[in-house]
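Quick notes on the structure that follows.
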Amino acid sequence: MNTLRARRWLLSVVTLAAVLALTAAWWLGGIALRPVAKYSGELLVLLLLLLALFNVRKKLPFLPLGSATAWLQFHIYAGWLSVALFLLHAGPQWPRSALGFALWLVFLSVAASGAFGLWLSRWLPPRLTRSGESLVYERIPRLRHQLEDEAGNLVRQAETEAASSTLADFHRQVLAPYFARTPTLFSPLAEDDAAHHRAGHELASLRRYLSEREMLIADQLAELLEAKRNLDAQYAGQRLLKLWLFVHLPLTYGLLVLVAAHVWLVLHYSHRF
Amino acid sequence: MRRLLQSIIYNRKLYDRPQDKWICGRAAEGCACIYGPGEKGECRATGQCLPAKKNDRWVCTRAISLGAACEPGPRPDGTCGCPVPPCRPVRSLRSWRGRIVRAAFVVSLGAAGLVFWNRTRPTLANPGPLTNQHAVSAQQCNTCHTEAMRAPGQSRAARAAEHDQLCIRCHDLGPHATSPHGVAESELALLTRRPPAASGPRPAVLVAATALGPPEQLACAACHREHQGADFDLKRIADLQCQVCHKTQFRAFSDGHPEFSDYPYARRTRLQFDHVSHFQKHFTDARWASVAPSSCAQCHTPAPTGEKMLVRGFEAACAACHNAEIEGRDRAGDKGLVFFRLPAFDTNALEEAGHAVGEWPLTAEGGLTPFMRWLLEGEADARAALAALGDQDPGDLRRATAEQKAAAARVLWAVKGLFADLVTQGQPVIVRRLAASPAAQLALSAGTGQFSPDAALAAQQAWLPNLLAEVAAHRRGEKVARRAPVVVARTTSTRTVTAEAADPDDLLIDLPTDRKSSATAANAPVAPATLKFDEADARVATGGWYRQDDTLTLHYRPGGHADGFLRAWLGGTAGRTEPAAQKIFAQLSANNAPGACLKCHSVDHTPSGTVVNWLTSRPQPEVRAFTRFKHSAHFSLMGDQGCMTCHTFAVGADYAGSFGANRDPAIFRSNFAPMSKASCTNCHQPARSGESCQQCHNYHTGEMQVLRAQAAALPGKIK
């Protein structure tokens, strides 16, 4: 068992043990007529603040606050713990107040987006590596433009050298839209290569009408199609790896605000706290 | 293999700035300018490089990644020879994320702000609907969550206590509202000193929960959780939660609950009714067999709530056998009580000592009755005289001191005054004197026993014909002349009373005419001379007042069951320490006393005093017992044995020993065997009738009103 897997097992077991211990404490505390909602709420607020500090840690890389990896591991497993604690705290019933419902919805959305991001960060990178050349996300639009230019140049070359508009027509109808397109948001999850296969299939079908010179250029176009496929895969994958944070982070800040309101209300109105 | 899209040669690479807010609008076309957009998203493009001046020449500084030095080179004024057309910078992904985060933060703050706004707070922050009952009584948050409770610096315990007081304002939970089970701490300590033993091991979960220690504070809200919906059961609590405070812990009612020790016979019955002797001895007796009940239902009936079984009452349950005994029909001797008597006084000694006594019968015997003494003590002068007389017998004052003789004379005049007042004023005299006496709590009107002034008048005319004049003179302060001793004729016997056949030896016939006529006035209604008088007590067979001339006594005969006079005097003297009260109580409580009240009715010492249990156990809506049982719900489960399916006799139990001199209702040996838990667990199992604690037990116990009226909540008109 490698170190990474051992660590994952260890932390998972520790987290599970903590969840079981909290559940037992909640149950026993309830039987002993203790204000378990108060205790679980306090612990949950503390956990949420620690989880939110992960973002702060990323903004302050120069401070000796531990490695980002350690923070990430804590963020992941403390996140799971907070979900269990939240479910204990909120109880099995549907929230009855507007604020309670908002808190419930936002917390679960934060947790769900976090879990989705965690899964994505484990599932997608190996697939992107297998897809082909790894690309810097910010450069992908420029590379797409470059591929478009290269394809255009090849077609013009074929038109000039072979005095045939077969490839030019094909480029106008099929290749140009394909090279210009950007993949859909969730195409990595569906492993959607349909557009690439369709363009490749049509290029292959076109070969019977091509001259020898055009065939050579068609081979180069096929290479460009493959490059575009990888480009799309890299782009869509990396975009998804970035976009889940567009849900997770805003909701986290919203959650912190709602939690603060909830805590104020509890301290203000409850007679048991 | 196709060439790589990205160059790995460092100086061929563009310098990416993903952290920047803005990206050059031409970056996607591969011709981003080297300066990039400004902080506010403005394009800063001028040319492909910033030419550098070397010596006196401008040199192109274009990056290798852009093709190195350009062919036209810098212009003479030092500007780039390859100008870059301006672009429209676009926001970076990171910038968009930041904007969305800020927007979400602001929206959340706005939403949270609504929670802090008083107008929307009740709607948005209300954690859930109140139960129907509380939704009516508490329409504002402040009704329960008062400002005082939210005052800064309030401890949690103080806030909870404050809130509990709000609960108690409406819900009366007795004097120990916040104590476990509403029981005083001392009583709780007593109860927990020897807890009943469970019949199984303690559940592990309770061992663990108990290890947390007792709750530091048992606030109302620890069990009653509001804001859980209109139909939420506020009284719902888990069995484990019930047990966590208990010393005896067990798995379930059917598994470990202690066996019943004395349930439901912990308290002594209010009536002394020996079921065993009645069923096994009296009901089988041929004399009573015809009127003996054939089923329990003939004597018992369920209360309207179905819980308590009531005794149907004397007429239905007891009268057939015991009425004659109570009315005194079978009683040998006098059937009434001596209420008033002309006691013996040594009138000679008093006269010799210079105390005028007026007329007084020679045949007077005995001392003051306890009733008379009680009434006399209602007057200060008489009370002082009685105290001065002490133990001296007023009927023999030969050895008495002068002071005692004087006291005896005062007592004599007090008796005369009482007698005269009874004759002239009747019942109000008794009421007035009782009100002034230590027995003020005695039911005054009932205590008169509907006293008959006419009976007293007849007695006065027979015994002391000049009483009224003498008392009037004495009260004026005049000296009353000595009169010849009165000799009273017996007029209430069964013998024939005729004018012609009057006993020649009867002293009455020698009396002056006026005396004779007044002495016989009581006999005036007896018109036919040949008729006989029945015994005086027989003439008031259903209760009333009569006199006995031979003993100079005025009697009261009780009028059957629940006689008001006996109830008033027994109730008023029970537990009193005054000698007169004790004598009255002893006289009335004897088994052979008229009415024989305390032969069946028990007497309890309670914290509020000693009470005679005139009534059998009744439903008390204001009293919540720890254990409840609904008889009516179990009738269909009775077997062939009927009620005895559960209530079995404990033959040989010293039931009678629980009564008599014992005044503690907790000391009791029932003549029924304690209920067996097994008789309940046949049905009360989880899969059948359930076995939760709350099916049989109440948490809040004691005497309490169901709901306290809130005067402030009443409309102004009826406040």
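The values are calculated or read from the model by the stated rules, or taken from the named source; none is laboratory data. All figures in this text were calculated on a predicted structure; none of them were measured in a lab. All Cβ positions, glycine included, derive from the backbone under ideal geometry; neighbour counts span all protein chains shown.
Structure notes:
- The residues in region A:232-266 that are more than 9 Å from chain B (Cβ to nearest Cβ) and either of a type in the set (S, T, N, Q) or free of Cβ contacts under 8 Å to residues at least 12 places away in the same chain (or both) can be counted, and the count is 2.
The rows are residues; the columns are (1) among the basic types (Lys, Arg); (2) more than 39 Å from the chain's Cα centre (by Cα); (3) outside any helix (DSSP H, G or I); (4) at pLDDT below 95.
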{"residue": "B:Glu351", "(1), (2), (3), (4)": "no, yes, no, yes"}
{"residue": "B:Gly366", "(1), (2), (3), (4)": "no, yes, yes, yes"}
{"residue": "B:Arg373", "(1), (2), (3), (4)": "yes, no, no, yes"}
{"residue": "B:Lys416", "(1), (2), (3), (4)": "yes, yes, no, no"}
{"residue": "B:Phe419", "(1), (2), (3), (4)": "no, yes, no, no"}
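- Region B:528-634 holds strands (runs of 3 or more DSSP E) entirely within its bounds, and those carrying 2 or more residues that are surrounded by 20 or more Cβ atoms within 10 Å (Cβ to Cβ) and not polar (S, T, N, Q) map to B:544-548, B:553-557.
- Filter result for A:Pro183 (assigned to a loop (DSSP other than H, G, I, E, B), more than 14 Å from every other protein chain (Cβ to nearest Cβ), touching a residue at least 40 places away in the same chain (Cβ under 8 Å) and crowded, with 19+ Cβ neighbours inside 10 Å): yes
- Region B:220-271, subset within 12 Å of chain A (Cβ to nearest Cβ) and acidic (Asp, Glu), residue farthest from B:Ser617 (Cα to Cα): B:Glu226
- Every test in (1) farther than 24 Å from B:Arg156 by Cβ; (2) within 26 Å of the chain's Cα centre (by Cα) is passed by B:Leu240 save one, and that test is (2).
- Matching residues, region B:103-128, being aliphatic (A, V, I, L, M) and either more than 21 Å from B:Arg159 (Cα to Cα) or away from chain A (no Cβ under 11 Å) (or both): B:Ala103, B:Ala104, B:Val106, B:Val107, B:Leu109, B:Ala111, B:Ala112, B:Leu114, B:Val115, B:Leu124
- For the criterion of being touching a residue at least 60 places away in the same chain (Cβ under 8 Å) and touching a Gly at 6+ places or on another chain (Cβ under 7 Å), B:Val480 passes.
- Output for region B:129-163, where each listed residue is at the interface with another protein chain (Cβ under 7 Å from one of its Cβ atoms), closer than 23 Å to A:Ala98 by Cα and either buried (at least 17 other Cβ atoms within 10 Å of the Cβ) or touching a strand residue (DSSP E or B) at 6+ places or on another chain (Cβ under 6 Å) (or both): B:Pro129, B:His145
- There is at least one residue in region B:227-248 that is part of a loop (DSSP other than H, G, I, E, B), at positive phi and touching a residue at least 12 places away in the same chain (Cβ under 8 Å).
- Screening region A:212-225 for residues that are facing chain B (nearest Cβ under 10 Å) and touching a residue at least 24 places away in the same chain (Cβ under 8 Å) and picking the one that is nearest to A:Arg139 (Cα to Cα) gives A:Leu224.
- The helices (runs of 4 or more DSSP H) falling completely within region A:97-171 that include 2 or more residues that are within 12 Å of chain B (Cβ to nearest Cβ), within 23 Å of B:Pro18 (Cβ to Cβ) and in contact (Cβ under 8 Å) with a residue 60 or more places away in the chain map to A:140-162.
Every residue, every condition in (1) surrounded by fewer than 18 Cβ atoms within 10 Å (Cβ to Cβ); (2) more than 23 Å from B:Val101 (Cβ to Cβ); (3) within 22 Å of the chain's Cα centre (by Cα), yes or no:
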site	(1), (2), (3)
A:Ala218	no, yes, no
A:Leu225	no, yes, no
A:Asp232	no, yes, yes
A:Ala236	no, yes, yes
A:Lys242	yes, no, yes
A:Val247	no, no, yes
A:Leu251	no, no, yes
A:Ala260	yes, no, no
A:Trp264	yes, no, no
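- A:Ser97 surrounded by fewer than 17 Cβ atoms within 10 Å (Cβ to Cβ) and of a type in the set (Gly, Ala, Ser): no
- The set of residues from region B:568-589 being out of contact with any helix residue (DSSP H, G or I) (no Cβ under 8 Å at 6 or more places or on another chain) and at pLDDT 90 or above comprises just one member, B:Ala586.
- Cβ-Cβ contacts under 7 Å between residues 6 or more apart (or on different chains), taken from a first residue in region B:424-435 that is at negative phi to a second residue that is of a type in the set (Ser, Thr, Tyr), are listed as B:Gln427/B:Thr448; B:Ile430/B:Thr448; B:Val431/B:Ser445; B:Val431/B:Thr448.
- Qualifying residue in region B:111-123 (condition: outside the structural domain of B:Thr178 (by TED's automatic domain parsing), in contact with a Pro (Cβ under 8 Å, 6 or more places away or on another chain) and assigned to a helix (DSSP H, G or I)): no
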